[in-house]
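Everything below concerns the one structure shown next.
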Amino acid sequence: MDLKSRSRKRLDSPTFDLGFPPQLFLLIISIFLGLSQPRSPKGKRKGQERSGPLAPGPHQVPLDLVSRVKPYARMEEYERNLEEMVAQLRNSSELAKSKCEVNLQLWMSNKRSLSPWGYSINHDPSRIPADLPEARCLCLGCVNPFTMQEDRSMVSVPVFSQVPVRRRLCPPPPRTGPCRQRAVMETIAVGCTCIF
């Protein structure tokens, strides 16, 4: 018996006759074994599980203090960023421009879009911040990428998002008293997109 016939006989024996190649059998077994292994939660490495919050050391801030301070600092920073955006908008010529065109020379994505948009200032005195930058579509249609002209077979529509603001809640005019504030989510346009 030569080597070829010996190896053929081994593969043709009843122990390997499963109706599919042995490589596929090994793949199925390895997948099955892999799925049966216990998995640790996503994003955690072995040995890094903690039973609870760590006690604050001399250089660590207690966790409850961080949770009390961080959201306020973030909201303050968020409102400051919005005020800066509104100030930049007031100081630029952005408010005057309302032309439906794509300017590929500009780095601003709102002017390079096939549905370009500009910004206006949404003013509400009972809101903190009172002024928010809000997108407005510059085209009724969309800019055709081949001709760079407006194509009215498509429509530019605003994209809306919810932003956190605070509302001033003051008593009605006959009554006097301090105003309260309540955090709410307000829907504003943040950009424009093309639809058919």
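The values are calculated or read from the model by the stated rules, or taken from the named source; none is laboratory data. Treat the numbers as computed from the prediction; the structure is a model and nothing was measured. Because the Cβ atoms are built from the backbone with ideal geometry, glycine has one as well, and the counts that use them run over all protein chains shown.
Just so you know, in region 175-185 the residues that are farther than 15 Å from residue 75 by Cα and of a type in the set (D, E, K, R) include one that is nearest to the chain's Cα centre (by Cα), and it is 180. Inspect region 86-97 for any residue being polar (S, T, N, Q) and part of a loop (DSSP other than H, G, I, E, B) and give the result as yes or no. Yes, the conditions are met somewhere in region 86-97.
Yes/no matrix, rows are residues, columns are (1) surrounded by 14 or more Cβ atoms within 10 Å (Cβ to Cβ); (2) touching a strand residue (DSSP E or B) at 6+ places or on another chain (Cβ under 7 Å); (3) at pLDDT below 90; (4) more than 16 Å from residue 163 (Cα to Cα):
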| site | (1), (2), (3), (4) |
| --- | --- |
| 100 | yes, yes, yes, yes |
| 107 | no, no, yes, yes |
| 117 | yes, yes, no, yes |
| 121 | yes, yes, no, no |
| 124 | yes, no, no, no |
| 132 | yes, yes, no, no |
| 135 | yes, yes, no, no |
| 138 | yes, yes, no, yes |
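Among the residues of this structure, residue 112 counts as one that is among the charged types (D, E, K, R), surrounded by 11 or more Cβ atoms within 10 Å (Cβ to Cβ) and within 15 Å of residue 193 (Cβ to Cβ).
If I filter region 140-149 down to residues being surrounded by fewer than 16 Cβ atoms within 10 Å (Cβ to Cβ) and among the aliphatic types (A, V, I, L, M), which single residue comes out as nearest to the chain's Cα centre (by Cα)? Talk me through it step by step, then tell me what you get.
Narrowing region 140-149 to residues surrounded by fewer than 16 Cβ atoms within 10 Å (Cβ to Cβ): 140, 144-149.
With among the aliphatic types (A, V, I, L, M) added as a condition, the list becomes 140, 148.
On the way: 140: 27, 148: 29 Å.
Checking each candidate, the answer is 140.
Within region 175-189, the set of residues being part of a strand (DSSP E or B) and closer than 15 Å to residue 130 by Cβ comprises 181, 184, 186, 188.
Per-residue answers, yes or no, for (1) assigned to a loop (DSSP other than H, G, I, E, B); (2) within 25 Å of residue 78 (Cα to Cα); (3) under 21 Å from the mean Cα position of the chain (by Cα):
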site	(1), (2), (3)
121	no, yes, no
158	no, yes, yes
173	yes, no, no
191	no, yes, yes
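Examine region 150-158 for a residue that is basic (Lys, Arg) and either exposed (fewer than 14 other Cβ atoms within 10 Å of the Cβ) or farther than 21 Å from residue 189 by Cα (or both), and state whether such a residue exists.
Residues of region 150-158 basic (Lys, Arg): 152.
Narrowing further to those that are either exposed (fewer than 14 other Cβ atoms within 10 Å of the Cβ) or farther than 21 Å from residue 189 by Cα (or both): 152.
Yes, that holds for at least one residue.
Are any of the residues in region 170-188 of a type in the set (Asp, Glu), within 23 Å of residue 82 (Cα to Cα) and without any contact (Cβ under 8 Å) to a residue 12 or more places away in the chain?
Restricting attention to region 170-188, the residues satisfying the condition of being of a type in the set (Asp, Glu) are 186.
This time we only want the ones that are within 23 Å of residue 82 (Cα to Cα), so: 186.
Remaining after also requiring without any contact (Cβ under 8 Å) to a residue 12 or more places away in the chain: none.
No, the conditions are met nowhere in region 170-188.
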